[in-house]
Amino acid sequence: MLVNGKEMLMNAKHNHKAIFHFNINNLEWTKWILEKCNELNEPVILGVSENAISYMGGYNVIVSVVKSLINDLNISIPVCLHLDHGKSVESCKKAIDAGFTSVMIDLSKLSLEDNINETKKVVLYAKEKEVSVEAEIGSMGSINNNNFDLGNKTNLSDCLKFVNETNVDSIAPAVGTIHGIYKGELNIDYKLIENISNSIEIPLVLHGGSGLSNDILKKCIKSGITKININSDLQYEWSLGVREYLNNNKEVIDPRKIISSGEDKFKKMLENKININKQ
């Protein structure tokens, strides 16, 4: 069942749990995520970056693939199809028009006022289509040529202003995590998460969930995080399975066998993260 993210996230917030957002990069990953989450009876958010959309053929292709898999695999859990880090109002509108049920507008590099003004345009358009909207405020960390940029953490007063003026459904504050596999010293501000969570009604999103231990993720949830984004962890585990298979089967050229050789490790990572809510 394809739904927007608002209800599932609000339910998770009230129950002090987290919904996992797993990025999809191809047909196989989409299928595996849906299968495993359905098996575990857990709702899921399928995140798709603009690069992945381009790689897979376009917004309409993504929607068709997801809807078809939900139907043919008899998926019964709530599934949200989400544009991850939409870089413009136009890209968010394209996703909404194609049938995405949730979008993230990420204009956090702009000034606070410009971020607010542009985000309001997306919210106005999305609400007419019953599509949920996530936005980002503050500067997320990143890895560039093995150099770690921890970014700039979100200011609480700015966050309150942003949420009140934009009417977004969820917000991703910068709290010390980074995109990619975390290898530097941890700098997560749990108190900031708690303060923001206690000050606003909408769910908080943790970007950069990969590379963090389950204990750290549980602490983030306890502090007030409702949505956790995972991508690099899946890439890493899948690639391990594929490399191991190719090293032991150098004669294989069937792409189906090669791609699917990472399925077991991929699904084990999925289950490991999803079961955090049950621990």
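The values are calculated or read from the model by the stated rules, or taken from the named source; none is laboratory data. Keep in mind it's a predicted model, so treat the numbers as computed, not measured. Counting neighbours? That spans all protein chains shown, and the Cβs are built from the backbone with ideal geometry, glycine included.
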Q. In segment 37-53, which residues are part of a helix (DSSP H, G or I) and touching a strand residue (DSSP E or B) at 6+ places or on another chain (Cβ under 9 Å)?
A. 37, 38, 50, 52, 53
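Residue 36 - would you say it is in contact with a Lys or Arg (Cβ under 6 Å, 6 or more places away or on another chain) and surrounded by fewer than 22 Cβ atoms within 10 Å (Cβ to Cβ)?
The answer is yes for residue 36.
Quick grid of which residues meet (1) surrounded by 21 or more Cβ atoms within 10 Å (Cβ to Cβ); (2) at negative phi; (3) modelled with pLDDT of 95 or more:
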site: 175; (1), (2), (3): yes, yes, no
site: 207; (1), (2), (3): yes, yes, no
site: 227; (1), (2), (3): yes, yes, yes
site: 239; (1), (2), (3): no, yes, yes
site: 252; (1), (2), (3): no, yes, yes
site: 255; (1), (2), (3): no, yes, yes
site: 259; (1), (2), (3): no, yes, yes
site: 267; (1), (2), (3): no, yes, yes
site: 276; (1), (2), (3): no, yes, no
Q) Applying the selection to segment 11-30, what residues are surrounded by fewer than 18 Cβ atoms within 10 Å (Cβ to Cβ) and either assigned to a helix (DSSP H, G or I) or charged (D, E, K, R) (or both)? A) 11, 14, 17, 27, 28
Q. Which pairs do you get when a residue that is in contact (Cβ under 8 Å) with a residue 24 or more places away in the chain, found in segment 259-279, comes within reach of a residue that is surrounded by fewer than 18 Cβ atoms within 10 Å (Cβ to Cβ) and assigned to a loop (DSSP other than H, G, I, E, B), reach meaning Cβ atoms under 6 angstrom, with the pair 6+ apart or on two chains?
A. 277/17
(Q) Restricting to segment 54-82, and then to whatever is of a type in the set (Ser, Thr, Tyr) and in a helix (DSSP H, G or I), can you tell me which residue is nearest to residue 25 (Cα to Cα)? (A) 55
Q: Report whether or not residue 246 is under 16 Å from the mean Cα position of the chain (by Cα), assigned to a helix (DSSP H, G or I) and either surrounded by 13 or more Cβ atoms within 10 Å (Cβ to Cβ) or hydrophobic (A, V, I, L, M, F, W, C) (or both).
A: no
Q: For residue 272, indicate whether it is surrounded by fewer than 19 Cβ atoms within 10 Å (Cβ to Cβ), assigned to a loop (DSSP other than H, G, I, E, B) and either over 17 Å from the mean Cα position of the chain (by Cα) or on the phi < 0 side of the Ramachandran plot (or both).
A: no
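Every residue, every condition in (1) in contact (Cβ under 8 Å) with a residue 24 or more places away in the chain; (2) not small (Gly, Ala, Ser), yes or no:
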residue	(1), (2)
10	yes, yes
17	yes, yes
22	yes, yes
32	yes, yes
36	yes, yes
42	yes, yes
46	yes, yes
51	no, yes
54	no, no
Q) Quick one: in segment 184-205, which of the residues that are part of a helix (DSSP H, G or I) and in contact (Cβ under 8 Å) with a residue 40 or more places away in the chain is surrounded by the fewest Cβ atoms within 10 Å (Cβ to Cβ)? A) 199
Q: Filter segment 118-142 down to residues that are surrounded by 15 or more Cβ atoms within 10 Å (Cβ to Cβ), outside any strand (DSSP E or B) and out of contact with any helix residue (DSSP H, G or I) (no Cβ under 7 Å at 6 or more places or on another chain) and give me whichever is modelled with the highest pLDDT.
A: 138
